[in-house]
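> Here it is, the structure in full.
The values are calculated or read from the model by the stated rules, or taken from the named source; none is laboratory data. Quantities reported herein were computed from a predicted structural model and do not represent experimental measurements. Ideal geometry is used to build each Cβ from the backbone, glycine not excepted, and the neighbour counts take in all protein chains shown.
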Amino acid sequence: MWVFPFGAAGVSAAFAAQMARQFAARHRPHQLAWTVALAMFALAATATGLGVLLGWDAAREIRAWHAPEEVLRLARPVVVSRPGYPAPTERDLGSAGIEPTWAILCDVPTPDVESTDVRRLVLNGGSLAGLVDPAVEAYLRRHRLYVAQRSGRK
């Protein structure tokens, strides 16, 4: 299934490069617009082909997600070990509803940070120092992510 996203990315990148050469020679605004659009599509198609990155703490509960079969059909799960949980095995993946031959297991050290804690701290105006990169905290605050939940909107 990965052939189609990477194939689309390759074709799109080739057309983006051609459009960029035309824009460099002629400086037509539509050529720049097409260059940017095709490059963005190439990046999106590449990301689709790579898969969805999940910590084992989230992946083990994937059956509780909305439309988990659709998520697993559209993206190859890359499951990363998490602090406080034993490293997942192929048998664990199968028990969680993830096809072991389709998933990629990554047993690597990861920080002991949960997205729920980050969202709660942002919502309550707490500091994220030491939990996420300062650039991530600045982005969350600048775009007011997770703050809208306070007013009842999601």
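> Quick check on this structure: which one of Ala96, Ala47, Ala64, Ala129 is among the small types (Gly, Ala, Ser), free of Cβ contacts under 8 Å to residues at least 60 places away in the same chain and crowded, with 18+ Cβ neighbours inside 10 Å?
So the residue among Ala96, Ala47, Ala64, Ala129 that is among the small types (Gly, Ala, Ser), free of Cβ contacts under 8 Å to residues at least 60 places away in the same chain and crowded, with 18+ Cβ neighbours inside 10 Å is Ala96.
> Continuing with the same structure: All but one of (1) in the same structural domain as Glu69 (by TED's automatic domain parsing); (2) outside any helix (DSSP H, G or I) hold for Leu131; which doesn't?
Answer for Leu131: the failing condition is (1).
> Conditions first: (1) modelled with pLDDT of 90 or more; (2) surrounded by 15 or more Cβ atoms within 10 Å (Cβ to Cβ); (3) in contact with a Ser or Thr (Cβ under 8 Å, 6 or more places away or on another chain). Ala75 passes all but one, so which condition is the exception?
(1)
> How many residues does the stretch 75-118 hold that are outside any loop (DSSP other than H, G, I, E, B) and of a type in the set (D, E, K, R)? First the steps, then the outcome.
Keep residues of the stretch 75-118 that are outside any loop (DSSP other than H, G, I, E, B), which gives 77-80, 90-96, 104-106, 115-118.
Filter once more, keeping what is of a type in the set (D, E, K, R): 90-92, 117.
Matching residues across the stretch 75-118 total 4.
> Can you report the number of residues in the stretch 36-74 which are under 17 Å from Ile104 (Cα atoms), among the aliphatic types (A, V, I, L, M) and assigned to a helix (DSSP H, G or I)?
Matching residues across the stretch 36-74 total 8.
> Only residues that are over 30 Å from Leu128 (Cα atoms) and free of Cβ contacts under 8 Å to residues at least 24 places away in the same chain: list them for the stretch 99-117, please.
Matches in the stretch 99-117: Pro100, Thr101.
> Looking at Thr116, Thr101, which one is within 30 Å of Phe4 (Cα to Cα) and surrounded by fewer than 14 Cβ atoms within 10 Å (Cβ to Cβ)?
Details: Thr116 fails: within 30 Å of Phe4 (Cα to Cα).
On inspection, the qualifying residue turns out to be Thr101.
> Just a yes or no: is a residue in the stretch 125-144 on the phi > 0 side of the Ramachandran plot and basic (Lys, Arg)?
Yes.
> Do you know which residues across the stretch 12-33 are of a type in the set (D, E, K, R) and assigned to a helix (DSSP H, G or I)?
Arg21, Arg26
> Here's a follow-up. Give Trp34, Trp56 a once-over and let me know the one that is closer than 22 Å to Pro86 by Cβ, surrounded by 18 or more Cβ atoms within 10 Å (Cβ to Cβ), among the aromatic types (Phe, Trp, Tyr) and at pLDDT 90 or above.
Working: Trp34 fails: closer than 22 Å to Pro86 by Cβ.
That would be Trp56, the only listed residue that is closer than 22 Å to Pro86 by Cβ, surrounded by 18 or more Cβ atoms within 10 Å (Cβ to Cβ), among the aromatic types (Phe, Trp, Tyr) and at pLDDT 90 or above.
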